[in-house]
Amino acid sequence: MGEGPAELLERDLDGLARELAEIDLLVGQARTEAGRHEQRRVQAAERLAALGPAAPPAELAEANAQLVTLTRRAAVMEAQLDVLAGKQKTLERYRDGLVRLREAVAGAAGGGPEPADGAAPHAGTAGESPAAPSVGRVVLAAQEDLRREIARAMHDGPAQSLTNIVLQAQIVERLLDRDPAAARDEVEALTAMVQRTLEATKTFIFDIRPMVLDDLGLVPTLRRVARESGRRSQVPVDFESLGTDRRLPMDLEGVVFRVAQEAVAGLAAGAAERLAMTLDWGAELELAVRAIHSASAEEPAEEPRADMPAALRAMVDERRARAAAAGSAAALAPAVRRELVDRAAAAGGRVEIGADGREVRAFFPLPAPAAEA
């Protein structure tokens with residue numbers, strides 16, 4: 001017999017527990033190694049600075065080579081630590097979601113009526129939900145899709161960057177004996193490459209699951225979404241929170257964050273000059289993202305008059321066609337619309353999109369505040 005949803009969830013949770021334990025061990029080791037390499041790198045840099053340009057070339061080359069090697073190792077260890085910490089956070093959220101799903105499956109399995117005369121339940125009877133196998137398949141497919149997406153993003157992003165860093169470091173090593181001055185320039189390029197990789201890794205972790213969302217809540221996270229999205233798309237994003245904010249259930253905060261992230265990205269891809277995002281803490285939580293366009297783009301072209309000369313009529317028609325094309329480019333793509341609606345519905349919310357596709361409003365029911373002790 002095949003495993004049921006409850007058994008599959010238990011097996012996945014056991015595997016996650018083992019993987020998290022391994023990551024905890026790796027994080028501890030990486031922190032120790034990173035600290036050790038950073039200390040050695042500082043000592044090597046101090047030694048190279050103390051030698052000065054008057055030191056023998058062989059001694060300078062040796063000190064420079066040692067500094068390059070330690071810098072490379074320290075950078076790789078720091079990047080590895082960031083990746084491990086991000087993976088740890090992601091797996092912890094994933095584990096928590098599986099625990100909640102296991103409780104829901106257990107409740108659904110135990111909520112049906114008992115079979116008559118003590119008969120054992122079988123598939124298709126009231127003792128076991130006919131939808132349970134389908135639910136299990138959907139859960140497993142979602143898990144595999146998530147793992148595949150993370151693996152692809154890791155391979156195309158941080159892994160490729162770290163490979164380039166190693167190649168750059170090898171170039172520096174080959175230059176040390178032949179041309180120390182050129183090697184120094186390459187070290188500067190290597191340092192810049194490490195900085196870019198660290199920034200890309202942090203952005204990757206933020207896109208998967210921002211730690212600031214778990215630590216500080218929605219408002220600081222959406223403020224960073226506005227800042228980072230504006231930097232990436234070169235479209236400024238203004239953010240404002242109205243009312244008194246508070247912490248919400250983890251699932252609801254995650255959905256609001258994703259809806260905001262996708263709405264901003266979708267509207268920024270159009271012909272907007274800037275975006276305005278507001279979070280209104282009223283009777284229900286309202287998230288609004290609006291694209292702001294130039295006055296000339298917003299002003300509709302006049303209708304051509306019957307007595308208008310042919311050349312002028314052609315100019316008016318061309319202007320109207322450009323305005324229509326700009327409006328179409330600024331509107332949200334149908335796939336983005338569907339994604340926004342589906343994500344909001346998963347948390348009991350709803351999405352309203354303006355007729356011109358330039359404004360997104362999402363509404364979410366707010367849970368009652370926890371009673372103070």
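For a quick check of understanding: with a 1.4 angstrom probe and all protein chains in place, what accessible area in square angstrom does ASP179 have, to the nearest ten? Accessible area, nearest 10 Å²: 70 Å².
Ranking of LEU51, LEU20 by solvent-accessible surface, largest first: LEU51, LEU20 (1.4 Å probe, protein heavy atoms only, all chains present). Given R0 = 51 Å, the distance between the Cβ atoms of VAL99 and ARG178 translates into a calculated FRET efficiency of 0.30.
Counting only heavy atoms of protein chains, what accessible area per residue, in Å², does segment 164-264 have with a probe of 1.4 Å?
I get 51 Å² per residue for this part.
The values are calculated or read from the model by the stated rules, or taken from the named source; none is laboratory data. No experiment lies behind these values; they were computed from the predicted model shown. Using ideal geometry, Cβ is built from the backbone for each residue, glycine included, and neighbour counts are taken over all protein chains shown. These accessible areas exclude ligands, DNA and RNA; they are computed on the full protein's heavy atoms, side chains included. Shrake-Rupley method; radii C 1.70, N 1.55, O 1.52, S 1.80 Å.
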